[in-house]
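Written out below as structure tokens is the structure these notes cover.
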Amino acid sequence: MSFITESELSRYRDRTKTYTKDNIINLKESLSRDRSMPLIFLSHKHDEIAILQDVIAFLKKECVDIYVDWMDEEMPAYTNSETALRLKNKIKSSNKFILIATQDAINSKWCNWELGLGDAAKYIEHIALFPINKTNQNFSGAEYLRIYPYIEYRDGTTKYKDGTFISKGFYVFTPSDKGNTISPIKEWLKKNI
């Protein structure tokens, strides 16, 4: 699994635009939401705001709606059992689950708990890690993450098993005993919504 760097990811965001609760979906079960657009539950470490903003910008270019828990006005002001129950329901009702897999997120109890819920509710077709490396960090100790699909960029120089080149772009790689399967991210996001 290769990692996109924080600086590579930052290219996707217009520095003058910031995503807030006013311009991001909050997963209310309203009839006004366009159901043809996949809804992504975005799990992340709360103090990594710049990375979160960059990932939202990247995903918004793929025409999706995104749920971020702390932008949801219905969430309790302080984490408690009600928070956990609401998060569980939000993960279940979203179409896809993506963990912004930074070292801090991997070490977070909440992110690991959300990943476990995503595993139970979405595995394997509708869950993915978005591995982001801040500064050449080593992700040892989290080998369990290798069982999950992950988002990765290909530069057009690598090949499929049949020898044809993989076009430049982002893909979701799904590990299996028979080898990875690969799907363009746009196809993966729209699959089974």
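The values are calculated or read from the model by the stated rules, or taken from the named source; none is laboratory data. In this text the structure is predicted, and so the values were computed from the model without any measurement. Cβ coordinates were reconstructed from backbone atoms using ideal geometry, including for glycine residues, and neighbour counts include every protein chain displayed. These accessible areas exclude ligands, DNA and RNA; they are computed on the full protein's heavy atoms, side chains included. Shrake-Rupley method; radii C 1.70, N 1.55, O 1.52, S 1.80 Å.
Counting only residues that are within 12 Å of LEU42 (Cα to Cα) and of a type in the set (Lys, Arg), how many does the range 82-135 have?
Residues that pass the stated criteria total 2.
Check ALA142 against each of (1) out of contact with any Ser or Thr (no Cβ under 6 Å at 6 or more places or on another chain); (2) at pLDDT 95 or above; (3) not aromatic (Phe, Trp, Tyr) and name the one condition it does not meet.
(2)
Considering GLU73, GLU82, which residue is open to solvent by 50 Å² or more (accessible area, probe 1.4 Å), of a type in the set (Asp, Glu) and either in contact with a Gly (Cβ under 8 Å, 6 or more places away or on another chain) or part of a loop (DSSP other than H, G, I, E, B) (or both)?
GLU73
Here are the criteria: (1) at pLDDT 65 or above; (2) assigned to a loop (DSSP other than H, G, I, E, B). Tell me which single one ILE91 does not satisfy.
Condition not satisfied by ILE91: (2).
For the range 85-112, what are the residues that are open to solvent by 30 Å² or more (accessible area, probe 1.4 Å) and charged (D, E, K, R)?
Selection gives ARG86, LYS88, LYS92, ASP104, LYS109.
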